[in-house]
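Asker: The structure is given below, and queries will be raised subsequently.
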Amino acid sequence: MSSHPFHLASLAELRARIRALEGTGPGTERHRLSFGAPEIDRALPWGGLPLGCLHEVAGEGAASGFCAALLARLAGERGVVLWCLRVGAHQTGELYAPGLAAFGLDPERLIVLRGRGDAEVLWAVQEGLRSGKLAAAVGEVRKVALSDGRRLQLAAEAGCVTGILLRSPHAKAGASAAVTCWRLSAAPSASSLGEVGVGRPRWRAELLRCRGAEPRSWLVEWRHETGDFAVVVLPSDRSAEPDTPARGGRVAL
Amino acid sequence: MPGLKACEADPLGDARALARLADWCGRYTPWTAVDGSDGVRLDVTGCAHLFGGEAALLEDLTRRVAALGFASRAALAGTPGAAWAVARFGPRKKEPGEMIVPPGAEREALAALSVAGLRLAPALVEELERLGLSRIGDLDRIPRGALTKRFGVEPLRRLDEALGLAFEPISPRRPATPYHTRLSWPEPIGDPASLAAGTRRLLGDLCARMERDHRGARRLELALYRVDGGVERASVGTSRPAREVEHLMGLFAERLERLDPGFGVEVMALRAGLVESLPATQLSLRLPPSGGRELDSSRPPAEGMAAEIGRLVDRLGNRFGFENVVRFAPRASHLPERAAFTVPAGLPEEKTAGAWPRERSRPLRLLARPEPVEAVAMVPDAPPVMFRRRTVVHRIARAEGPERIEPEWWRGGRAGKAPARDYYQVEDTEGRRFWLYRDGPYRPGASPSWYLHGIFA
């Protein structure tokens, strides 16, 4: 493939048009959220998490933390986020406001809905997505049918609000209408030299599905001070798989 | 007497039927009340013209009540007392529409009626009749002072009320509000589209009036009066005063589906139960940012966003109950389970201002009830080295703590006497992080009880 500037420019334009048709929005500055970790941003075709569409995050405690961190970045200074809880989650507990501060999410920015089942939570998330003025809408669900997922994706596009579905890790990873699907699991933390306590939260984030990208997985650490993610490469991993940047020569569709 | 039909007296059922009838009379006017055990009182001030005049209203009422299966007598007068007397003791006219006392003519109309029409106690009525005062006109001729001295204040008060010299209010069954509209059809309607169109028209009327008065509604109630005498009601609430027709129509749309029009609806009435002031919104010169995704944080939040989020809270609150749409507010308490509480999302932010403590690390998820776990700690005051939760054993790799939280002794009772808790933030070998606590300080010889209170991300 020739790397003539003309070809590259028309390729980029073609990609943008296809993405616009696919409904995930053009990958310009305003329509994506950077993770703060270049390795993750590079792996996604938009250069970050695409806004105005639906994402799925599966996992237990790790998924909630990942979601809270994303919301903190999405909400910024002024945004309001809708979080739809599922009441009665005795195993995992309910959202605790003082714990949000560790992720930089101000509890004042949160509207919480206590829903009693998947149907209620999905309805509420859809309303939140359609309203168009939220920064994001999160719903804790167990099962999402493909039709429900598609409806949410359309609502997210219509309102330009990012939607995140939090699911338990035991859910079957079937067909999904979400633009990106993640699975988060806990990973041991490490602390700086000399400290003995619990370090910064670390998770193994697996990008299970993504339109236009291959599945990848990273070991990420959340940095509260800077409010962004950092990919951690452990010494034992270094030999295994080199971190290759997205190849510019392939047409990613 | 073989032709006599006897059935059990059911005063409770009668009362209920009377109440339903009073509700049904709401199709004429919102000011309806049950009067005693056998009557209904309506205040039709200003409503008569909607029915073609007072005579027509009375005729319509009597006819419909008869169609519902009740035998009735109706009268219309300028005061409740006069109407009561004429309805019960007045001569029966041929046309129901003639049982009307012209305004100002109460004295003449009442003069010939029995004193029992003044709603006096039976003993007093008997005494008056014994003394030869059997007509209201007789009482009227006695000087007021003498009347009071001889019989007490009651007869004079009732007389004044009947003649309009004293004001007697009606306490309506539904609290009256100045914001109510009604719509009636010559033919009963029942299909959802017509009901929706009717609701929209009513909302348009009401919202226009509220806008003129700079008010918004917090509670709206829609009533459908069916041909068979039943009344269907639907109500919506909002977290902030609202007067946008589209928004309120959206809130009603769901409720309308659940109403049963029966054989048809003749009259629809809408009233605003709670109204608050809502100043006219100013159009800003700059359009608000679209979608709220602007990364420019220097501009203050747009008015459009707050209003739209308020509408979202309304939609969620009407569907799930406003108590389930909440925000977190801090409470000045060290106990983790009390450090945050929920407030309805509609409250303005100023009311819930408070500081969230930021220097302590807290879990993202808190269990509603701390779960007992078995833990093994090597040394007193040291974090556990392993713990078992249900069937899973976790070996601790890292830990932080203890953070001692004492009970709030000032609250007294059992809460005040609970032992202090030593909290530890632990991480197991797989990287899962938990918040455990030991109930009470370590005591040699006693095995301490450990609990899991929260889960970190």
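Asker: Given Cα positions, please report Rg to Rh for the stretch A:92-202, the hydrodynamic radius being the Kirkwood one.
Answerer: Rounded to two decimals, Rg/Rh equals 1.03.
Asker: Now, a different point. About the Cα centre of the protein assembly as shown, what is the dipole size in debye to 20, counting +1 per Lys and Arg Cβ and -1 per Asp and Glu Cβ, all else neutral?
Answerer: My answer is approximately 800 debye.
Asker: If packing is taken as the mean number of other Cβ atoms within 10 Å per residue, what is the order of B:57-64, B:123-130, B:75-82, B:314-321, highest first?
Answerer: With the highest mean Cβ count within 10 Å placed first, the list reads B:75-82, B:314-321, B:57-64, B:123-130.
Asker: Moving on. In the protein assembly as shown, if the dipole is taken from +1 on Lys/Arg beta carbons and -1 on Asp/Glu beta carbons about the Cα centre, which of B:251, B:262, A:203 is farthest to the positive end?
Answerer: After comparing all options, I get A:203.
Asker: OK, next. Let me know the shape class of the stretch B:37-80, please: from the alpha-carbon gyration tensor, a ≥ b ≥ c as square roots of the eigenvalues, rounded when a/c is under 1.5, otherwise prolate if a/b is greater than b/c, or oblate.
Answerer: Oblate.
Asker: Still on this structure, I have one more. Semi-axes, largest first, in whole Å: what does sqrt of 5 times each Cα gyration tensor eigenvalue give for the protein assembly as shown? Mind dumping the intermediate values first?
Answerer: Values: eigenvalues 964, 228, 89 Å².
Three semi-axes, in Å: 69, 34, 21.
Asker: Where does helix B:192-212 land angle-wise versus the long Cα axis of chain B, in degrees 0 to 90, nearest 10?
Answerer: On a 0 to 90 degree scale, this one is about 90.
Asker: What is the Å³ per residue value for the convex hull set by the Cα atoms of the stretch B:1-103?
Answerer: Hull volume over Cα atoms, normalised by residue count, gives 124 Å³.
Asker: Rounded to two decimals, what is the ratio between the C-alpha radius of gyration of chain B and 2.2 N^0.38 Å?
Answerer: Numbers: Rg = 34.4 Å, N = 457, 2.2 N^0.38 = 22.6 Å.
Taking the Cα Rg and dividing by 2.2 N^0.38 Å, one obtains 1.52.
Asker: Can you compute the charge dipole magnitude of the stretch B:1-134 about its Cα centre, using +1 on each Lys and Arg Cβ and -1 on each Asp and Glu Cβ, nothing else charged? Give it in debye, rounded to the nearest 20. Before the final figure, lay out each step's value.
Answerer: Working: 15 positive and 17 negative charges, 52 e Å.
Its charge dipole is roughly 260 debye.
Asker: Next question. Run lengths n ≥ 4 of DSSP H only: what is the helix-derived mean residue ellipticity at 222 nm for chain B, with -39500 (n - 2.57) per run over all residues, to the nearest 500?
Answerer: Per the formula, -9000 deg cm²/dmol.
Asker: If you place +1 on the Cβ of every Lys and Arg, -1 on the Cβ of every Asp and Glu, and leave all else neutral, what size is the dipole of the stretch B:179-268 about its Cα centre, to the nearest 20 Debye? All intermediate terms of the calculation are to be shown ahead of the outcome.
Answerer: On the way: 14 positive and 14 negative charges, 105 e Å.
So the magnitude is around 500 debye.
Asker: OK, next. List the aspartates and glutamates whose Cα lies under 18 Å from the Cα of residue B:417, skipping any in the same chain that are fewer than 8 positions away.
Answerer: Hits, sequence-local ones excluded: B:337, B:406, B:408, B:439.
Asker: Which GluC sites (Glu not before Pro) in the stretch B:310-389 pass both tests, a DSSP loop state and at most 15 other beta-carbon atoms within 10 Å?
Answerer: Here the sparse-neighbourhood loop sites are B:359.
Asker: While we're looking at this one, here's another question. Calculate, for residue B:211 and residue B:88, the FRET efficiency according to 1/(1 + (r/R0)^6) with r their C-beta to C-beta distance and R0 56 Å; round to the nearest 0.05.
Answerer: 0.80
Asker: What FRET efficiency comes out for residue B:369 versus residue B:141 if R0 is 60 angstrom and r is the Cβ-Cβ distance? Round to the nearest 0.05.
Answerer: 0.15
Asker: Projected onto the charge dipole of chain B (+1 at Lys/Arg Cβ, -1 at Asp/Glu Cβ, origin at the Cα centre), which of B:392, B:56, B:46 gives the Cα projection farthest towards the positive end?
Answerer: B:392
Asker: Something else now. Set Lys and Arg Cβ to +1 and Asp and Glu Cβ to -1, take the dipole of the protein assembly as shown about its Cα centre, and tell me which of A:66, B:238, B:225 lies farthest positive.
Answerer: A:66
Here, each number is a calculation from the coordinates, and none is a lab measurement. Just so we're clear, the structure is a prediction, and the values are computed from it rather than from any experiment. Heads up, the Cβs are rebuilt from the backbone with ideal geometry, glycines too, and the neighbour counts pull from every protein chain shown.
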